[in-house]
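Take a look at the structure set out below.
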Amino acid sequence: MKVIISDKNEKRLNKLLDWIIYISGYTLTLYLVDVLFNAFEVDNIIYYFWASIIINLLNKTIKKIVFKLTLPITGLTFGLFYFVIDFFMLKIVDFILGHHFDIYGIWWGIFIAFSISAIHFVIEEVILKPILKKVK
């Protein structure tokens, strides 16, 4: 199994490895935010994992479309509306998982969304980009 894939003029990580890194990061983030701040309720560790999978799927599909549709308002708010989009994705996860994943209020949801965005940035800048730079 190749770790680095060359597509046209760019290099990217193997999709399975990329998926594992993101799911691990999201699961750890959800767990830490829940333990540190008690911002939401999750039944057990399996639902952290399921929530991470759903968040990753939503980020790869629906979030890109919603972001493009709300680009003007995101620009007007200097990017602060982006966390509202992330909160909307968390509410979709809340709806899908039902009573197994409950967020306590909009402000905690936006805080969780901010945490997920921060961990996404860290995964991109600290883990993935340095791996790809070493290969070039």
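The values are calculated or read from the model by the stated rules, or taken from the named source; none is laboratory data. Because the structure is predicted, anything quoted here is derived from the model rather than measured. Neighbour counts run over all protein chains shown; Cβ positions are idealised from the backbone, glycine included.
Observations on the model:
Here is a yes/no grid of residues against (1) loosely packed, with under 14 Cβ neighbours inside 10 Å; (2) under 18 Å from ILE23 (Cα atoms); (3) out of contact with any strand residue (DSSP E or B) (no Cβ under 9 Å at 6 or more places or on another chain):
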position	(1), (2), (3)
LEU58	no, yes, yes
LYS68	yes, no, yes
GLY75	yes, no, yes
PHE78	yes, no, yes
ILE92	no, yes, yes
PHE101	no, yes, no
ILE110	no, no, yes
HIS120	no, yes, yes
ILE123	no, yes, yes
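- Whether a residue is over 21 Å from LEU16 (Cβ atoms) and either buried (at least 16 other Cβ atoms within 10 Å of the Cβ) or without any contact (Cβ under 8 Å) to a residue 12 or more places away in the chain (or both) was assessed, and VAL33 passes this test.
- Pairing each residue of region 39-60 that is touching a residue at least 40 places away in the same chain (Cβ under 8 Å) with any residue that is of a type outside the set (A, V, I, L, M) and in a loop (DSSP other than H, G, I, E, B), provided the two are 6+ apart or on different chains, yields C-beta distances under 9 Å for ALA39/TYR104; ALA39/GLY105; PHE40/TYR104; GLU41/TYR104.
- Flag if LYS64 is at pLDDT 90 or above, out of contact with any Leu (no Cβ under 7 Å at 6 or more places or on another chain) and either among the charged types (D, E, K, R) or not in a helix (DSSP H, G or I) (or both): yes
- All positions within region 22-60 that are β-branched (Val, Ile, Thr) and in contact with a helix residue (DSSP H, G or I) (Cβ under 7 Å, 6 or more places away or on another chain): ILE23, THR27, THR29, VAL33, VAL42, ILE53, ILE54, ILE55
- Within region 69-103, the residues that satisfy the criterion of being part of a loop (DSSP other than H, G, I, E, B) and under 19 Å from the mean Cα position of the chain (by Cα) are THR70, GLY79, LEU80.
- Flag for LYS63 being of a type in the set (D, E, K, R), exposed (fewer than 15 other Cβ atoms within 10 Å of the Cβ) and within 19 Å of HIS120 (Cβ to Cβ): no
- On inspection, PHE101 passes the criterion of being at pLDDT 90 or above and farther than 29 Å from LEU132 by Cα.
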